[in-house]
1. Go through Val249, Val230 for me and flag whichever is under 28 Å from Gly44 (Cβ atoms), in contact with an Asp or Glu (Cβ under 9 Å, 6 or more places away or on another chain) and open to solvent by 50 Å² or more (accessible area, probe 1.4 Å).
2. Look at region 23-45 and say how many of its residues are under 21 Å from His192 (Cα atoms), outside any loop (DSSP other than H, G, I, E, B), hydrophobic (A, V, I, L, M, F, W, C) and open to solvent by less than 40 Å² (accessible area, probe 1.4 Å).
3. Of the numbered conditions (1) closer than 14 Å to Ile187 by Cα; (2) buried (at least 16 other Cβ atoms within 10 Å of the Cβ), Arg239 fails exactly one; give the number of that condition.
4. Residue check, Arg161 against (1) touching a residue at least 60 places away in the same chain (Cβ under 8 Å); (2) open to solvent by 20 Å² or more (accessible area, probe 1.4 Å); (3) part of a helix (DSSP H, G or I), all met but one. Which one?
5. So for region 3-22 (the condition being loosely packed, with under 14 Cβ neighbours inside 10 Å and aliphatic (A, V, I, L, M)), does at least one residue qualify?
6. Within region 107-139, restricting attention to residues that are β-branched (Val, Ile, Thr) and under 18 Å from Phe59 (Cα atoms), which residue is most open to solvent (accessible area, probe 1.4 Å)?
7. Output the helices (runs of 4 or more DSSP H) that fall wholly within region 46-153 and possess 2 or more residues being among the polar types (S, T, N, Q), or say none.
8. Given the criteria surrounded by 17 or more Cβ atoms within 10 Å (Cβ to Cβ) and within 17 Å of the chain's Cα centre (by Cα), does Ala215 qualify?
Amino acid sequence: MATLSKTFTLGRLAVAALSDGAPMRALGGFFAGVEAAEWTRALGITDAEQPLPFNFGTFLVRGEGHTMMVDTGQGARVRGQFEGGGELLVRLRELGVSPSEVDAVLHTHLHGDHCGWNVNDDEAGAITFPNATIWVAQKELDYWTGSESDSNPQSGYTRSRIGPLVAAGRVHTFDGEAAVHAGVTMIPTPGHTPGHCSVLLASGGEKLLILGDAAHHPIHLEQHGWIPGVDLDPEESKRSRAKVAARAVAEETLVTG
């Protein structure tokens with residue numbers, strides 16, 4: 001069985017890694033254009049089609065007077081498809097957290113596996129986190145709600161997840177680095193999507209960088225040019241990886257995703 005929930009501390013913050021589904025899957029799509037023999041050797045496997053543990057992950061951050069989500073998973077659409085699929089709200093209940101307690105949702109980006117529970121399909125499309133301000137980069141929102149993404153096969157689901165929140169006045173946009181609260185900063189890391197951001201947490205002299213999809217595997221922070229096929233701007237992805245890797249080293253920052 002997969003580990004679907006794990007809580008650790010960062011200074012005065014409690015950070016819970018929460019899964020919204022943990023399938024087994026082949027990972028070749030995350031190394032587009034790289035010879036299979038090369039990336040499989042780096043991962044310590046011999047078969048490019050070998051299913052490996054995968055996770056559709058989110059984070060709950062509590063402390064300093066705030067309860068925040070970093071991304072909101074796949075949503076109810078994947079319930080029953082694989083272990084933990086569509087069970088993010090179950091994971092929250094296990095921690096004794098009600099969706100109404102969440103005061104901010106920080107979106108790394110708006111792919112459907114990161115914004116799925118913005119809307120609760122089990123409750124006729126109600127806003128899942130009714131008291132939360134939704135933080136998303138202006139470039140990201142513009143892409144998914146504008147004509148540029150009309151041909152993107154993910155746009156329909158994404159628009160169904162973010163549109164009701166825009167209409168309700170719950171979305172806060174920003175450009176560049178943005179301070180959400182003291183010790184919580186959105187860091188632009190574009191490439192995977194136009195407005196992709198990572199989240200930097202700082203508390204009690206410790207720092208944690210939550211990458212989102214700036215990297216999908218630790219090897220991506222060593223091989224900046226090994227790019228998933230879904231990344232919209234591979235060159236930007238390379239620059240973003242180099243930037244966050246250098247920053248993490250310079251500032252002695254933990255990294256997760």
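The values are calculated or read from the model by the stated rules, or taken from the named source; none is laboratory data. All figures in this text were calculated on a predicted structure; none of them were measured in a lab. Please note: Cβ atoms are built from the backbone with ideal geometry, for glycine as well, and neighbour counts cover all protein chains shown. All accessible areas refer to the heavy atoms of the entire protein, side chains included, with ligands and DNA or RNA removed. Shrake-Rupley method; radii C 1.70, N 1.55, O 1.52, S 1.80 Å.
1. Going through Val249, Val230 in turn, just one is under 28 Å from Gly44 (Cβ atoms), in contact with an Asp or Glu (Cβ under 9 Å, 6 or more places away or on another chain) and open to solvent by 50 Å² or more (accessible area, probe 1.4 Å): Val230.
2. 2
3. The single condition Arg239 does not satisfy is (2).
4. Just one mismatch for Arg161, condition (2).
5. No; the residues of region 3-22 include none that is loosely packed, with under 14 Cβ neighbours inside 10 Å and aliphatic (A, V, I, L, M).
6. Checking each candidate, the answer is Thr133.
7. Answer list for region 46-153: 138-145.
8. When the stated conditions are applied, Ala215 passes them.
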